[in-house]
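Chemist: Dropping the structure in here first, questions after.
Quick note: the coordinates plus some simple rules give every number you see, no bench work behind them. Keep in mind that this is a model prediction, so the values were computed, not measured.
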Amino acid sequence: MTAGSFNSQAKGLSGRSSAAVQAIIKKVVQAAYAAFTHGLNLALTISFALLLLSGTVSYATGTKDGSTMFPEDSDLALETA
């Protein structure tokens with residue numbers, strides 16, 4: 001199924017198989033696509049939630065005193081003097 005040989009084999013058998021077998025094949029292929037779509041949606045939802053959580057944690061821990069993580073220009077002038 002992942003290599004793409006299933007469809008060519010199914011088309012080769014389409015003239016020799018009954019309508020019941022073709023209906024079963026169609027249901028199985030539709031179920032496989034539905035399962036893949038569901039798994040992809042689930043993976044993307046979980047990755048979005050983890051990305052949002054990590055961004056929230058990094059913002060909360062990185063801005064404790066209200067300053068930015070990068071030094072201001074005035075701070076740089078004091079260090080070089």
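Chemist: Can you work out ³J(HN,Hα) from phi for every residue in segment 27-35, in order, using Karplus 6.51 cos²θ - 1.76 cosθ + 1.60 and θ = phi - 60°, giving whole Hz and x for Gly and Pro?
Modeler: Each residue's phi maps through the Karplus curve to give 5, 5, 5, 5, 5, 5, 5, 5, 5 Hz.
Chemist: Once phi is turned into θ = phi - 60°, what whole-Hz ³J(HN,Hα) does the Karplus curve with 6.51, -1.76 and 1.60 give for every residue of segment 16-25, x standing for Gly and Pro?
Modeler: So the Karplus estimates, Gly and Pro as x, are 9, 9, 7, 5, 5, 5, 5, 5, 5, 4 Hz.
Chemist: Subtract the Cα-Cα distance of residue 48 and residue 31 from 0.36 nm times their separation in residues, and report this length gain in nm to one decimal.
Modeler: Once the chain is fully extended between residue 48 and residue 31, it gains 3.6 nm.
Chemist: Another question, if that's okay. Which residues' amide hydrogens lie under 5 Å from the amide hydrogen of residue 17, considering only partners 5 or more residues apart or on another chain, with H built in the peptide plane?
Modeler: none
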